[in-house]
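Report on the following structure.
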Amino acid sequence: MSKDKFTTLKSQVVPLPSENIDTDQIIPARFLKATTREGFGDNLFRDWRYDPAGKPVKDFVLNNATWSGQILAAGKNFGSGSSREHAAWAIYDYGFRVVISSFFADIFKNNALNNGLLPVVVSDRFLKTLFDTLQQKPTTVITVDLEKQIVEVDGRKENFEINPYKKDCMINGYDDIDYLLSLKKEVNEFDLAHSSI
Amino acid sequence: MILEPKTIFEKIWDSHVVKRADGYPDALFIDRHFIHEVTSPQAFDGLRKRGIGVFNTKRTTATADHNVPTKDQHLPIKEALSRRQVETLRTNCKDFGIELYDLGHPFQGIVHIIGPELGLTLPGMTIVCGDSHTSTHGAFGNIAFGIGTSEVEQVLGTQCVLQYKAKTMKIEINGTLGKGVVSKDIILYIISKISASGATGYFVEYTGDTIRKLSMEARMTICNMSIEMGARGGLIAPDETTFTYIKGRKFAPQGSAFDQAIEHWKKLRTDDGARYDKVLTFDAADIAPMITYGTNPGMGMKVTDRIPTLAELKEISEQASFKKSLDYMGLEPGTTLLGKAIDYVFIGSCTNARIEDLRLVATMVKGKKKASNVEVWIIPGSKQVEEQARKEGLDKIFETAGFELRSPGCSACLGMNEDKVPPGKYCISTSNRNFEGRQGPQSRTFLASPLSAAAAAITGRVTDVREMVL
Ligand code: SF4
């Protein structure tokens, strides 16, 4: 479905420096049973956020009033593991609009882009600077400018890459199906040509 | 005209591109789409909201696998949310005219197991499913990859998916496998060498004489876990072994159509001189029975090795995650796992729940009894596997050993249905993921081959299968 348009975001950042955060941590399988896209934010990082008895874990960033904002910054190789799109929904549903990391798993990146969540890939060095800055000043506001493809922390800027097609989609709030439906005639021909298998 | 030499991946990909435009991802035509209860409901919802139907229902096949119990499948599913998800799948398949292999159907099973066994998975195809282990199907020489639910909606509605062509990687394995070493060990070994993100951005082709000698089932195990090293998918060019497996399968081409298909399939190989973006080579003789000790599939070692110490890690930045992972597992750096007592053995999943896997387990446990400290779950990958196992009397062998052959489903592979490993318990598992909580909250997973898992079922401990009489 079409998503909110995204151009620039200025926000505080929630840091999660662990590396290799996989989609089972983002949203454990036992919470994948819903049949709609909404409501997954309640169980985002469930097993880090709540203890087995369901009590919030005090130190966890989402439970700690020090941290807030619409941007999540995470360690390298974020979103590995299962292809569950629920991971992107959960992050979006919780209220994040951007995830910054120095590396994203492929499927997660795609899923995020398909759901209006902007994955921003920065260098390891920049990510470290970001974490250090947040350590010193948790209320730091950073800027993510999609049009210029720039992320800025305390005057330090870094360019990030995004595919031009996905960038268009994010800025205009349209999605892949709109585009694919426009190819119906060509696809019909393919369907016939590949019918022997 | 001299044609540029191409890899098999490029041949299949290029022949499925409906539209390629500058700056846009390719619109890729999809031959076969598998769906299941967990990642499809929101996609059907999307179709309803847009007021469109399924592009070609014959190209889509549904089954219920992730969220199903593996006992008493004839009874309604106990857990309300799971039940609703399976019921939603039923309604959606009915409303949109899609074939569903529901609980109790003779073709029901884990989606990546039923595709190949029904002959729905064929060489040269493009295949997708809202599940990362779709890479399994690549063993037949096709492009198969997992997609998210938005993409499931795309494929249902348009029979296409927008994708960027992945880079290509060749992984070549030559030589003879040692005693007790099976295909699961090959792939766990490769992942331990290149890490859980070592193939991110690539589509892998497995080649080499070791691969050529493997059965289709063993090849599926390898392609299945391509995703565990970050690859988009993995494939193996089809050969006689592939054709023999496919021949006579329910939905495979029959008679002269089959002969024609083979002529086409034989061309599905990488041309001499074709370029890969990356090439890795391994020697089969270096591979031993493997086990993972951490919470990502790259944290694996030979069963006789010891867990690395912090000082032995390549990157200092990895130390914190490594430590966290071992703490979760309740393990110490520098120690060996051999002889460690375990609590559960899970034999199942789309990685290792085909008939050959069950036969392998049976050879190991025949005439023996399971250790009293372990609970053993053996879950066939499909109804057909279950039937075949019963026909061969494997269920009796398991029973004598003290465990029961259950009904098909994903089971303890993902801690979503009733089969969960309790908090803090150790499970030797033939599945593909050892993430925190994957088999249930606080569960601790050691990934291993079916042979190693079977050995552990007997000894109750992490065991080097080479020391068991085979
Ligand atoms: S068996 Fe496990 S990995 Fe395979 S499809 Fe089911 S949940 Fe996914």
Over both sides of the B-A contact, add up the buried accessible area with a 1.4 Å probe and give it to the nearest 100 Å². 5200 Å²
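When DSSP beta bridges are limited to those with both residues in the protein assembly as shown, what percentage is antiparallel, rounded to the nearest 5?
Of those bridges, close to 30 percent are antiparallel.
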Based on the Cα gyration tensor of the stretch B:397-468, what are the three equivalent ellipsoid semi-axes, each the root of five times an eigenvalue, rounded to whole Å and given largest first? 21, 16, 10
In debye to the nearest 20, how big a dipole does chain B give about its Cα centre with +1 on each Lys and Arg Cβ and -1 on each Asp and Glu Cβ? 380 debye
Kirkwood hydrodynamic radius over Cα pairs of the stretch B:130-239, then Stokes diffusion coefficient at 4 °C and 1.567 mPa s, in µm²/s: 91 µm²/s
On average, how much accessible surface per residue is there in the stretch B:1-152, in Å², for a 1.4 Å probe, leaving out ligands, DNA and RNA? 32 Å²
Whose amide H sits under 5 Å from the amide H of A:SER18, counting only residues 5 or more places off or on another chain, with H placed in the peptide plane? A:GLY75
Count the net charge of all other residues whose Cβ sits under 9 Å from the Cβ of B:HIS66, scoring Lys and Arg as +1 and Asp and Glu as -1. -3
Where a Cα-Cα gap under 19 Å defines reach, which aspartates and glutamates qualify for B:LYS6, not counting those fewer than 8 residues away within the same chain? B:ASP14, B:ASP26, B:GLU172, B:GLU205, B:ASP239, B:GLU263, B:ASP271, B:ASP272, B:ASP277
Accessible heavy-atom area order of A:TYR174, A:TYR179, highest first, probe of 1.4 Å: A:TYR174, A:TYR179
For the stretch B:167-196, state which trypsin sites (Lys or Arg not before Pro) are in a DSSP loop and have at most 12 other beta carbons lying within 10 Å of their beta carbon. B:LYS179
Chain B, relative contact order [Cα under 8 Å, separation at least 6], %: 17 percent
Tell me, what is the percent relative contact order of the stretch B:1-116, built from C-alpha pairs under 8 Å that lie six or more residues apart? 26 percent
Mind jotting down the distance between the C-alpha centroids of the stretch B:267-329 and the stretch B:166-198, whole Å? 9 Å
How much net charge surrounds B:ARG84 when only other residues with a Cβ under 15 Å from its Cβ are counted (Lys, Arg +1; Asp, Glu -1)? 0
Go ahead and estimate [θ] at 222 nm for chain B from helices alone: -39,500 (n - 2.57) per DSSP H run with n ≥ 4, summed, over the residue count, rounded to 500. -9000 deg cm²/dmol
Of the accessible area of the stretch B:71-131, with the probe set at 1.4 angstrom, what percent is carbon plus sulfur? 54 percent
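How high is the relative contact order of chain A? Use alpha-carbon pairs under 8 Å, at least six apart in sequence, and give a whole percent.
About 27 percent, as a whole number.
From the C-alpha coordinates alone, can you work out the Kirkwood hydrodynamic radius of the stretch B:1-113, in Å?
Result for the stretch B:1-113, one decimal place: 16.6 Å.
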Here the longest stretch of chain A that holds no trypsin sites (Lys or Arg not before Pro) in a DSSP loop having at most 15 other beta carbon atoms within 10 Å is A:59-147
Net charge over other residues, Cβ less than 12 angstrom from the Cβ of A:GLU152 (K, R count +1; D, E count -1): +1
How big, on average over all directions, is the shadow cast by the Cα convex hull of the stretch A:65-197, in nm²? 10.2 nm²
Mind grabbing the accessible area of B:ASP305 for me, 1.4 Å probe, Å², rounded to tens? 70 Å²
Taking the Cα centroid of the stretch B:363-397 and of the stretch A:9-65, what is the distance between the two, rounded to the nearest whole Å? 38 Å
Residues of the stretch B:269-322: accessible area per residue with a 1.4 Å probe, Å²: 52 Å²
With 10 Å bins from 0: P(r) over the protein assembly as shown, alpha-carbon pairs, percent: 3, 16, 27, 28, 18, 6, 1, 0
Report, please, the projected area of the stretch A:1-154 averaged over directions, based on the convex hull of its C-alpha atoms, in nm². 8.8 nm²
How would B:LEU75, B:LEU394 line up by accessible area, probe 1.4 Å, largest first? B:LEU75, B:LEU394
Counting all C-alpha pairs of the stretch B:107-152, share separated by more than 12 Å (%): 55 percent
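Calculate the dipole size of the stretch B:312-462 relative to its Cα centre from +1 charges on Lys and Arg beta carbons and -1 charges on Asp and Glu beta carbons; express the result in debye to the nearest 20.
280 debye
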Ignoring ligands and nucleic acids, what accessible area does A:ASP22 show with a 1.4 Å probe (Å², nearest 10)? 10 Å²
Roughly what angle does helix A:124-136 make with the longest principal axis of chain A, taking Cα atoms, 0 to 90 degrees, to the nearest 10? 40 degrees
For chain A, set up a GNM with springs between Cα atoms under 10 Å and report which of A:GLN135, A:GLN25, A:GLN12 has the largest fluctuation. A:GLN135
Give the ranking of B:THR336, B:THR136 by solvent-accessible surface, highest area first, calculated with a 1.4 Å probe. B:THR336, B:THR136
On average, how many beta carbons from a partner chain sit within 10 Å of the beta carbon of a residue in A:46-57? 1
Grab every C-alpha pair in chain B, bin the distances at 10 angstrom width from 0 up to the longest one, and report whole percents. 4, 21, 31, 27, 14, 3, 0
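The values are calculated or read from the model by the stated rules, or taken from the named source; none is laboratory data. Quick caveat, the model's predicted, so the values are computed rather than measured. Note that we place each Cβ from the backbone using ideal geometry, even for glycine, and neighbour counts take in every protein chain shown. When the accessible area is computed, the model is the full protein with side chains, heavy atoms only, and any ligands, DNA or RNA have been set aside. Shrake-Rupley method; radii C 1.70, N 1.55, O 1.52, S 1.80 Å.
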